[in-house]
Amino acid sequence: MSNIPSELRFTKSHEWVKSLADGSVEVGITDHAQHALGDLVFAELPETGRSVKAGEAFAVVESVKAASDVYSPITGTVTGRNDSLAATPELINQDPYGAGWMLRLAPLGADAVAGLLSAADYAAYLAAGER
């Protein structure tokens, strides 16, 4: 069973969102996604200042199996990125909800994360076999 922290919100495309104290959010891929991808060898992240729309591909992760797009769970502006992933993309495999975070976004709208899945909803989605 995948690790699904209860304080996070999730997408059906397997991204997670953590609300931060300053109103921004941190984004990464879920434990389920990193297991499905296998050992990650490359991560390409957008530049700070880029605007992204919910559902838009904003990053690429590459494993020994394949390259996969990562989709923005919300609309907002990139305020930070995890530059450690350039040298050590395996951090996503080792700690997807911690050291493996990918981006920080300033959401467009205070309720940007409201429409995302709760941990329970995401667990039910995975249990139903939706991938």
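Any read-out appearing in this document is the output of simple, stated calculations on the displayed coordinates, not a laboratory observation. None of these values were measured; they are calculated from a predicted model. In this analysis, Cβ positions are derived from the backbone assuming ideal geometry, glycine residues included, and neighbour counts consider all displayed protein chains.
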Report summary line: Between the alpha carbon centres of region 2-21 and region 31-71 the gap in Å comes to 15
Query raised in the report: Where does each of 32, 14 land when they are ranked from fewest to most other beta-carbon atoms within 10 angstrom?
Result: 32, 14
Report summary line: Listed by chain and number, the residues whose amide H is under 5 Å from that of residue 41, excluding neighbours fewer than 5 places away on the same chain and using placed H, are 62, 63, 64
Report summary line: A correct fewest-to-most ranking of 42, 10 by other Cβ atoms within 10 Å would be 42, 10
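Let's see if you can work this out: charge +1 on each Lys and Arg Cβ, -1 on each Asp and Glu Cβ, no other charges. What is the dipole magnitude of the chain about its Cα centre, in debye to the nearest 20?
Magnitude of the dipole: close to 220 debye.
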Query raised in the report: Ordered by residue, what ³J(HN,Hα) values in Hz, to whole numbers, does region 43-49 give under the Karplus form 6.51 cos²θ - 1.76 cosθ + 1.60, where θ = phi - 60° and Gly and Pro are x?
Result: 9, 10, 10, x, 6, 4, x
Query raised in the report: Taking amide H positions as placed 1.01 Å from N in the peptide plane, with prolines and chain starts having none, which residues 5 or more places from residue 70, or on another chain, fall under 5 Å of its amide H?
Result: 58, 59, 60, 61
Query raised in the report: For the chain, what is the calculated [θ] at 222 nm in deg cm²/dmol (nearest 500), taking -39500 (n - 2.57) for each run of four or more DSSP H residues and dividing by its residue count?
Result: -4000 deg cm²/dmol
Query raised in the report: How high is the relative contact order of the chain, in percent, counting Cα pairs under 8 Å that sit 6 or more residues apart?
Result: 30
Report summary line: Exposure proxy check on 50, 9: fewest-to-most Cβ neighbours within 10 Å is 50, 9
Report summary line: Taking a straight Cα-to-Cα line shorter than 16 Å from residue 12, and setting aside same-chain aspartates and glutamates fewer than 8 residues away, one finds 31, 56, 69, 121, 130
